[in-house]
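The structure appears right after this line, and notes come after that.
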Amino acid sequence: MRVAGRPTGGARRSGGAGSGGDGQAAGDRSRPPRPHALHRYGQNHLVDGNILRAIVKQAAVGPDDVVLEVGAADGQLTRPLLERARLVHAYEIDHRYASRLAKLAAERPNLVVHSGDALRQDLATLDPPPTALVANLAYNIAIPLIMTTIAGLPLLSRWAVMVQKELGERLFAAPSTKAYSAVSVLTQLACRREEVRAVPPAAFRPQPRVDSSFITFARRPPAAGGEASALTAAEYAAMDQLVRRAFGQRRKVLTNTLAGAARAGVTLSRDDILRALEEVGLSPAARPEELAPLRWVTLARALGWPSGAIASDGQA
């Protein structure tokens, strides 16, 4: 049995993609009843077996993959992942599932159970490092976890996540739309969307008040022909700082939101920003939400924003 220790820190969530409601798993009357869902962990267990099978197929986990699962609950999603992956790192914050996951880990040598809050642990220290994130994520952890894994786990190349529909729309929203945000820019600079599956509230217990989406996306490779190439870690960190500052006041013009931004001894003035906007063909009245992800890279280069040689080939 391989069970990692519980860290100190507060709670986040127990996700759990299951197939049997808050009572017994569908089709398996031998398992004990699942504990009732706790609101503080954002628990909505997937209970539709057909959808569970469909998302496991969509996740496309292979025998060389090391999977990171956050919110394992009683292991309903964990089990099919173990059949496909080299190893699964399964996080669960709800101690009521500890004995079930420990039993499963004793039976399956390719499962490592981590008790506690995934966002309070250094995921970069996981050994072996994850190559895929497959999880049913609660609203309050979805975006922080996705952004943390994009920036902090360079070997993680694929995401297959259940999220609330509005969050899934934010990740790959188009410019000048209500959903477009810093998260949209940063996700699309690093990743390309593959497939989205709509999942209705009736597929969960308890039923959420919103629709969900199971979305798969992959990290951009260092060189991708005519597509956008992935940024280096230093480039991505620089873009993260610039884009988040701009979208902090998304309705204001860039000359106001970016003025005073500083990195590595470079501080942007209003004149610097005006010159850069003119160089890339943007209006002095341009706002953050108007720029497509790769236009942000072009603007960063024009600003001389220090991050190494930021590439800007291809289209977003």
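General remarks:
- In segment 71-91, the residues that are of a type in the set (A, V, I, L, M) and on the phi < 0 side of the Ramachandran plot: ALA72, LEU77, LEU81, LEU82, ALA85, LEU87, VAL88, ALA90
- All told, LEU123 meets the bar of being of a type outside the set (Gly, Ala, Ser), surrounded by fewer than 24 Cβ atoms within 10 Å (Cβ to Cβ), assigned by TED's automatic domain parsing to the domain that holds LEU82 and within 17 Å of ARG219 (Cβ to Cβ).
For (1) under 26 Å from ALA59 (Cβ atoms); (2) touching a Leu at 6+ places or on another chain (Cβ under 9 Å); (3) of a type outside the set (Lys, Arg), each residue gets a yes or a no:
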residue	(1), (2), (3)
PRO200	yes, no, yes
PHE217	yes, yes, yes
ALA234	no, no, yes
GLY260	no, yes, yes
PRO284	no, yes, yes
PRO288	no, yes, yes
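- Residues that are among the β-branched types (Val, Ile, Thr) and assigned to a loop (DSSP other than H, G, I, E, B), drawn from segment 50-108: VAL61, ILE93
- Annotation: of all residues in segment 154-211 being in a strand (DSSP E or B) and either aromatic (Phe, Trp, Tyr) or outside the structural domain of HIS45 (by TED's automatic domain parsing) (or both), the one that is modelled with the highest pLDDT is TRP159.
- In segment 72-99, the residues that are over 22 Å from ALA60 (Cα atoms) and surrounded by fewer than 20 Cβ atoms within 10 Å (Cβ to Cβ): HIS95, ARG96, ALA98, SER99
- Within segment 259-311, tally of residues that are more than 22 Å from SER184 (Cα to Cα) and among the basic types (Lys, Arg): 3
- Options GLY260, GLY248, GLY265, GLY281: the member that is within 26 Å of ILE150 (Cα to Cα), over 20 Å from the mean Cα position of the chain (by Cα) and not polar (S, T, N, Q): GLY248
- Annotation: PRO222 fulfils all but one of (1) under 22 Å from the mean Cα position of the chain (by Cα); (2) crowded, with 18+ Cβ neighbours inside 10 Å; the unmet one is (2).
- When residues in segment 264-285 are screened for being farther than 25 Å from ARG220 by Cβ and buried (at least 16 other Cβ atoms within 10 Å of the Cβ), 4 of them pass.
- Those residues of segment 119-138 which are assigned to a helix (DSSP H, G or I) and in contact with a helix residue (DSSP H, G or I) (Cβ under 7 Å, 6 or more places away or on another chain), in sequence order: LEU119, LEU123, ALA124
- Residues of segment 165-212 that turn out to be polar (S, T, N, Q) and surrounded by fewer than 16 Cβ atoms within 10 Å (Cβ to Cβ), as a count: 3
- Hits in segment 67-81 - residues which are farther than 23 Å from ASP127 by Cβ and in contact (Cβ under 8 Å) with a residue 60 or more places away in the chain: GLN76
- Residue match in segment 212-220 (condition: part of a strand (DSSP E or B), among the charged types (D, E, K, R) and touching a strand residue (DSSP E or B) at 6+ places or on another chain (Cβ under 6 Å)): yes
- Candidates PRO128, PRO144, filtered to the one that is more than 19 Å from GLN188 (Cβ to Cβ), assigned by TED's automatic domain parsing to the domain that holds ILE215, surrounded by fewer than 19 Cβ atoms within 10 Å (Cβ to Cβ) and at pLDDT 95 or above: PRO128
The values are calculated or read from the model by the stated rules, or taken from the named source; none is laboratory data. Since the model is a prediction, treat every value here as computed from it, not as a measurement. Backbone-built Cβ (ideal geometry, glycine too); neighbour counts: all protein chains shown.
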